[in-house]
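The values are calculated or read from the model by the stated rules, or taken from the named source; none is laboratory data. None of these values were measured; they are calculated from a predicted model. Virtual Cβ from ideal backbone geometry, glycine too; neighbours counted across all protein chains shown.
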Amino acid sequence: MDHFSYRNGELFCEDVAVERIADSLGTPLYVYSKATLLAHYRQLADAFAPVKPLICYSVKTNGNINVLRVLAGAGAGFDVVSGGELFRAQAAGGDPDKCVYAGVGKTDAEIRQAVAAGIGLFNVESEAELSNVDAIARQMGKGIRGALRINPDVDPHTHAHITTGKKETKFGIDLDRAGGVFRAFAKVQAADGAPGMHLTGVHIHIGSQITEVEPYVEAVRKVLALIDELRRDGLTMDWLDLGGGFGINYENRHALPASAFAAALLPMLLASKLQIAIEPGRYIAGNAGLLMANVLYLKAGGTKKFVIVDAGMNDLIRPMLYDAFHFIWPTRPGAKFIPPADRTDVSGMAGLETVDVVGPICESGDFFAHARAIPPVQRGQRLAIFSAGAYSFAMSSQYNARPRPAEVLVDGATFRVIRKRETYDDLIALEK
Ligand SMILES: Cc1ncc(COP(=O)(O)O)c(C=O)c1O
């Protein structure tokens, strides 16, 4: 699952005791495991190997250029959704030809930037964007490959805020209208190699943290039917980008391995003879990171016990945003309180205390856990907030004028700072 484990009563990331890292760098602190990033990337690559997919790691998940470098080194391309993410991908040595670019609101400047860079696949989300990208590429004298993002109206059974493939969401073009858009554009589109858009692909991304194969199967079946129809009409269709969304274990063992998704999809994908792309984010990075926090105070509230830590919702907003569950445990829990290796069920453990783990920010939503059973802790003890490698630092802010935490990448028995802790000067650096 990942390379975080308790040895001799304390938490290790690969072969480094996380306490040792926090002793030298302080808290709050993000700690990532290189071996875990690579293991999850390889699981996906192996599972989908029969269709030789282009694996585009989703930069929004965790865009630290050192994380991107690790994945680029393993062969990954990148899924970007802004000019800034393309900049990050390129800064990390990513090959733009292996990048896909989605997003409902690309600006003209961003489109020009991506066309100039030689982006691999433009995932276009509306008719208006299609004609705009085509016009800009023609002006620039460049031919570009494009896919239409289709909204297949499939319910991925995940949180409403990360559901993206249902009719009422803003993403993509309705399946019913998509055929008409392809046919109309085929009449005006540039010949292969000529300047302008070559619209020969379909993109879907139905949501995130998906733990069932059926929504993918349904979505793929729907868009393959459309592709077949368009091919029968003589249109060239050669790309299918399946998006990301593969879920991970946060709270339970419900997530599926990549091989389960691949087993369900491969027969259809192989038969389609399309070039396949996938855009995993959370599956690769989610369980490859944790956030370390220091216990500041214990407090008896009116009806609850609070453990107040030095990390806040500005560092990790997922609990507030999605009611997300993150397993929380002391980094040195003592021999009596070593959690099970998969960190799921601690209900049988005697002596735990039920507490709310909260941060210092002036918002009631500033919490990491409500009514959670953890070992008794004291001021000065450190806690690990697990599964914080995805959408965690990436969504951090300086709210309450709190400098962002440092990020560290562990590789075997060594670690290095991959982003320095921000300082007070950083808070006002752009305000002079
Ligand atoms: C277009 C697109 N692709 C890929 C992803 C990555 O999703 P996940 O991290 O669930 O794999 C996202 C996430 O929002 C996305 O919007």
Members of the range 238-264 found to be touching a Phe, Trp or Tyr at 6+ places or on another chain (Cβ under 8 Å), farther than 17 Å from residue 1 by Cβ and away from the ligand (no atom under 15 Å from the Cβ), listed by number: 264
Test: residue in the range 220-241 that is under 24 Å from residue 49 (Cβ atoms) and among the acidic types (Asp, Glu): yes
Residue within the range 387-406 that is in contact with a Cys (Cβ under 9 Å, 6 or more places away or on another chain), in a strand (DSSP E or B) and either over 21 Å from residue 362 (Cα atoms) or not acidic (Asp, Glu) (or both) present: no
Qualifying residue in the range 182-196 (condition: under 16 Å from residue 133 (Cα atoms), in contact with a Gly (Cβ under 7 Å, 6 or more places away or on another chain), modelled with pLDDT of 95 or more and not in a helix (DSSP H, G or I)): yes
Close pairs from the range 139-165: first part of a strand (DSSP E or B) and at pLDDT 85 or above, partner among the polar types (S, T, N, Q) and near the ligand (Cβ under 10 Å from one of its atoms), Cβ under 7 Å, at least 6 apart: 147/123; 149/123
Search result, residues across the range 230-274 that are among the acidic types (Asp, Glu) and under 19 Å from residue 42 (Cα atoms): 241
The range 61-106, subset farther than 15 Å from residue 278 by Cβ and among the acidic types (Asp, Glu), residue surrounded by the most Cβ atoms within 10 Å (Cβ to Cβ): 85
Helices (runs of 4 or more DSSP H) wholly inside the range 57-117 that include at least 3 residues being away from the ligand (no atom under 11 Å from the Cβ) and of a type in the set (Val, Ile, Thr): 65-73
Count of the range 118-132 residues which are within 16 Å of the ligand (Cβ to nearest atom) and part of a helix (DSSP H, G or I): 1
